[in-house]
Amino acid sequence: MTYFVTGATGFIGRFLVQSLLQRGTGTIYVLVRPKSIGKLDELRAFWGKESVKRVVPIKGDLGSPKLGVSAGDLRKLKGKVRHFFHLGAVYDIEASAEAMQKANIVGTQGALDLATAINAGCFHLVSSIAAAGLYRGTFTEDMFEEAEELDHPYHSTKHDSEGMVRANGRTPFRIYRPGVVVGHSRTGFIDKIDGPYYFFKALQKLRESWPRAIPLVGIEGGYINLVPVDYVVDAMVFLAHAKGLDGRCFHLTDPKVRRMGQVLNIFARAAHAPEMAFRLDPKLFDLVPEAVRKTVERTRPIQNVFDQLLRDLQVPKSVLEFVNYPTRFDSTATQKLLAKARIHVPPLEDYAWRLWDYWERHLDPDLSIDRSLRGAVKGKVVVITGGSSGIGEAAALRIAEAGGKVVVVARDEEKLAEVRRKIQDGGGSVKTYSCDITDYAANDKLAKDILKEFGQVDVLVNNAGRSIRRSLALSYDRFHDFERTMQLNYFASVRLTMNLLPSMTARKSGHVINVSSIGVLTNAPRFSAYVASKAALESFARCAASEFHDEGVHFTIINMPLVRTPMIAPTKIYEEMPTIITPDEAADMIADAIIRRPQRIATRLGVMAEIMHLVMPKMSEVVMNSAYRMFPDSAAAQGRKEGAEPRPPTREALIFASLMRGIHW
């Protein structure tokens, strides 16, 4: 038996051709654009050796009369084709109206004319449930003219192409209306993101950020009918070869009706993401007067927030038009026919995990993003304050190794020279500046010199800082501790940031990373001066981020846990704490900030401490007070001699510290 297939290189087409190859020994002619011959060659590996002889390309194009098939090929095909499968179309609701018109209307007319010219036995149109438009109720297989709300070009072109086939009066036809076609139920394979896949990124983000134990509230949504590609192809091949079915339309849909909220929960389980425990009926929104809804929708701030949310979740805005899809599809007649061949729609619950797994391994858009530090900093100018030792030095070495142009700022010339030597020995690019950034005149000159030398600053890492560990009871006569801590940790960092911001906004590009402290989240005792200065810097960054969001300048706060650096050396008790992170681990957090540009990076312990303080502030206070009593002030804080032996931490204190990795005590 001989076949002709348009759209053979498409998603459904590749499986249809495979099924036809397995069915018999006849020739399968496939329409291929001259530019797509290479894609056909790639598919032969999927179809197997048999396809080399039996799959014959016919050059043409959907936008041309009779699909652009040459006169010679017309003569070769005439009288030979028993089944003409027309799959060539645009199935992407994101495509332009012009593209849909050309492929779905002009293409179908060309296919009908070609089928007539070669005396094809039966014309098989692969339509879509979109042909029903936004019909409110149950759409049956014998309904067509009853379609409603065909405003979207995808709906209208699918409906009109069906009408052309029904009215052709020359070639027998059969019409297939698949639901939303998803990946293969046994392999998960799909060739592009479409339909429910647009919401997978949102589920992935929820999985990473939202505890599964905390219930979510979502929207129930309208109806969504999903069918795997293997079911669609098996059903089509059987129905195409069954006798006495010409002129009929077949719904290749799932008889089990599901709403959008139910489907998303099924995929949430497959993704191990939190589910929507409570789903709101969209009819509730109908209680809001239409005038009020439209006013809210048109409000610029709300639009900006909504658009940003969609961008973050990578959901096209047009997809939301179908969230409340009102149509259900009756496929009773088709199900009875398919039951004879034991062809059934597999339950979504049984194969959703395969769809998710394939998407996450092969189609997740983030897979194509260069997540390496080299990809983020190569050739970029990165300024790091406090870069002569500890966290700053480790970060400078890491960024220079990745190809960044590192500018290291610190006061100590000798230490700067050592960092410069290490980076240059490793083949990195580095420039060092000796500067006390608390001197505002020197701070201003530093910014001017850097911009004059490099022309721009891509990333500023405000890392320079001073930490003071002293209880308030020992600080009544030491107000200067608060002044000098605020001077460096807050005012100097803000001054340098404001000196560089104009050049960043002029280029619509820049990133400011503020190295803060886990103490801001935990409210660590004995660190009131230090934590207050870092909290001030965080507040500045959050306000600035709101102002510069649409200027292309990003702000990231890193709530750094306690790091074993020279800054904490005076506190001898830390020498016995095995749970403090290293400068290299801290550099990892800075590298992550540069790569992802999130608003905040914090350890889970830090986030938990902040939540605890918000939800149970008194309990948090008790825990911190217990820690305050466990860990004494250092000898220096108490005004004792440098060589005085500090009181060793108790066993309980060490256990407490091991459970609270990285928190300042």
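Quick notes
The rows are residues; the columns are (1) β-branched (Val, Ile, Thr); (2) modelled with pLDDT of 90 or more; (3) exposed (fewer than 12 other Cβ atoms within 10 Å of the Cβ).
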{"position": "218", "(1), (2), (3)": "no, no, no"}
{"position": "230", "(1), (2), (3)": "no, yes, no"}
{"position": "235", "(1), (2), (3)": "no, yes, no"}
{"position": "240", "(1), (2), (3)": "no, yes, no"}
{"position": "259", "(1), (2), (3)": "no, yes, no"}
{"position": "264", "(1), (2), (3)": "no, yes, no"}
{"position": "276", "(1), (2), (3)": "no, no, no"}
{"position": "280", "(1), (2), (3)": "no, no, no"}
{"position": "284", "(1), (2), (3)": "no, no, yes"}
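Residues are listed down the side, and each one gets a yes or a no for (1) of a type in the set (Ser, Thr, Tyr); (2) more than 26 Å from residue 452 (Cα to Cα); (3) not assigned by TED's automatic domain parsing to the domain that holds residue 380:
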| site | (1), (2), (3) |
| --- | --- |
| 477 | no, yes, no |
| 481 | no, yes, no |
| 485 | yes, yes, no |
| 500 | no, no, no |
| 508 | no, no, no |
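- Considering residues of the stretch 145-177 that are closer than 23 Å to residue 238 by Cβ and aromatic (Phe, Trp, Tyr) only, the residue surrounded by the fewest Cβ atoms within 10 Å (Cβ to Cβ): 173
- Of the helices (runs of 4 or more DSSP H) lying entirely inside the stretch 350-457, those containing at least 1 residues that are under 29 Å from the mean Cα position of the chain (by Cα) span 373-377, 390-401.
- Test for residue 113: is it of a type in the set (Asp, Glu), part of a helix (DSSP H, G or I) and more than 23 Å from residue 196 (Cβ to Cβ): yes
- Some residue of the stretch 65-85 being buried (at least 16 other Cβ atoms within 10 Å of the Cβ), in contact with a helix residue (DSSP H, G or I) (Cβ under 6 Å, 6 or more places away or on another chain) and closer than 27 Å to residue 195 by Cα: no
- Residue selection: residue 319 satisfies the criterion of being assigned to a helix (DSSP H, G or I) and either at pLDDT below 85 or within 31 Å of the chain's Cα centre (by Cα) (or both).
- Test for residue 192: is it farther than 30 Å from residue 607 by Cβ, in contact with a helix residue (DSSP H, G or I) (Cβ under 9 Å, 6 or more places away or on another chain) and touching a residue at least 24 places away in the same chain (Cβ under 8 Å): yes
- For the stretch 185-207, filtering for residues that are among the hydroxyl-bearing types (Ser, Thr, Tyr) and in contact with a strand residue (DSSP E or B) (Cβ under 6 Å, 6 or more places away or on another chain) leaves 1.
- Of residues in the stretch 500-515 being in contact with a helix residue (DSSP H, G or I) (Cβ under 7 Å, 6 or more places away or on another chain) and in a helix (DSSP H, G or I), the one surrounded by the fewest Cβ atoms within 10 Å (Cβ to Cβ): 505
- Residues of the stretch 14-42 that turn out to be touching a residue at least 60 places away in the same chain (Cβ under 8 Å) and either in contact with a strand residue (DSSP E or B) (Cβ under 6 Å, 6 or more places away or on another chain) or assigned to a loop (DSSP other than H, G, I, E, B) (or both), as a count: 1
The values are calculated or read from the model by the stated rules, or taken from the named source; none is laboratory data. The shown structure was predicted, so the numbers you read here are calculated from the model rather than taken from an experiment. Don't worry about glycine lacking a Cβ; one is built from the backbone with ideal geometry, like all the others, and counts go over all protein chains shown.
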